[in-house]
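Below is one structure, written out as structure tokens; the observations come after it.
Bear in mind these aren't lab numbers, they're just calculated from the coordinates by the rules spelled out. All figures in this text were calculated on a predicted structure; none of them were measured in a lab. Cβ placement follows ideal geometry from the backbone for every residue including glycine, while neighbour counts extend to all protein chains displayed.
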Amino acid sequence: MIDRDFLLSTIRDVPDFPKPGIVFKDITTLLNNAEAFTMLMEHLETRYKAMNLDFVAGIESRGFIFGAALATRLGIGFVLIRKKGKLPYTTVSEKYALEYGVDEIEVHIDAFRGEHKRVLLIDDLIATGGTAEAAAKLIKKLDQELVEACFIISLEFLEGKKRLEKITPVYSVLEIA
């Protein structure tokens, strides 16, 4: 069983970060709470262990924490999806729009070691969904089966989850209206 209220209580709100008017959801306080982190990882392991996944792909950088931990629990590989210029080998990239401009993420061209692998995409939070949408497109661009996208927190009022559901099923552990 997962106690969503308990998990929410372990996430710190940081007002006016990174700019005035934003309330940042700081998951470091969940990560340093062994009971909360264990509960979360047990929940994710239970949810995904029967899905016959081949890889978990995590979005830089907090998605690396949850993705690597989950991949280890499931006994499968972990793939890094990083900002442009951070991976040392040949990559495939996808651009996405920001409030003012564009950004780009990449994955190694051979990260999934073949085609048609079953992949779970994971990150800590979905807000407007731009980065997650680009990551989903990257996985599909490499001819992989994106089984689901998972987020620890979904900021429902920003509708990123709805945006991403047009591409793949989406699961969020905690939803904030």
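Structure data summary
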{"item": "Some residue of the range 144-156 being in contact with an Asp or Glu (Cβ under 7 Å, 6 or more places away or on another chain), surrounded by fewer than 16 Cβ atoms within 10 Å (Cβ to Cβ), acidic (Asp, Glu) and within 17 Å of Val56 (Cα to Cα)", "result": "no"}
{"item": "Which listed residue, of Glu35, Glu99, Glu45, is surrounded by fewer than 16 Cβ atoms within 10 Å (Cβ to Cβ), among the charged types (D, E, K, R) and touching a Lys or Arg at 6+ places or on another chain (Cβ under 7 Å)", "result": "Glu45"}
{"item": "Close pairs (6 angstrom Cβ cut-off, 6 or more residues apart or separate chains): over 21 Å from Thr90 (Cβ atoms) and touching a residue at least 60 places away in the same chain (Cβ under 8 Å) in the range 132-160, of a type in the set (Gly, Ala, Ser) and in a helix (DSSP H, G or I) anywhere", "result": "none"}
{"item": "Residue ranges of strands (runs of 3 or more DSSP E) in the range 17-104 with at least 2 members within 22 Å of Leu120 (Cβ to Cβ) and touching a residue at least 60 places away in the same chain (Cβ under 8 Å)", "result": "55-59"}
{"item": "Count of the range 75-97 residues which are β-branched (Val, Ile, Thr) and within 30 Å of Glu42 (Cα to Cα)", "result": "3"}
{"item": "Residues located in the range 105-126, provided they are within 18 Å of Leu146 (Cβ to Cβ), in contact with a Phe, Trp or Tyr (Cβ under 8 Å, 6 or more places away or on another chain) and part of a strand (DSSP E or B)", "result": "Ile105, His108, Arg118, Val119, Leu120, Ile122, Asp123, Ile126"}
{"item": "Selected residue (only one of Leu7, Leu74, Leu30 is more than 22 Å from Ala177 (Cβ to Cβ), surrounded by 16 or more Cβ atoms within 10 Å (Cβ to Cβ) and of a type outside the set (Val, Ile, Thr))", "result": "Leu74"}
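Here is a yes/no grid of residues against (1) out of contact with any strand residue (DSSP E or B) (no Cβ under 7 Å at 6 or more places or on another chain); (2) among the aliphatic types (A, V, I, L, M):
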residue: Thr28; (1), (2): yes, no
residue: Ala50; (1), (2): yes, yes
residue: Gly75; (1), (2): yes, no
residue: Arg82; (1), (2): no, no
residue: Lys86; (1), (2): yes, no
residue: Gly101; (1), (2): yes, no
residue: Ala111; (1), (2): no, yes
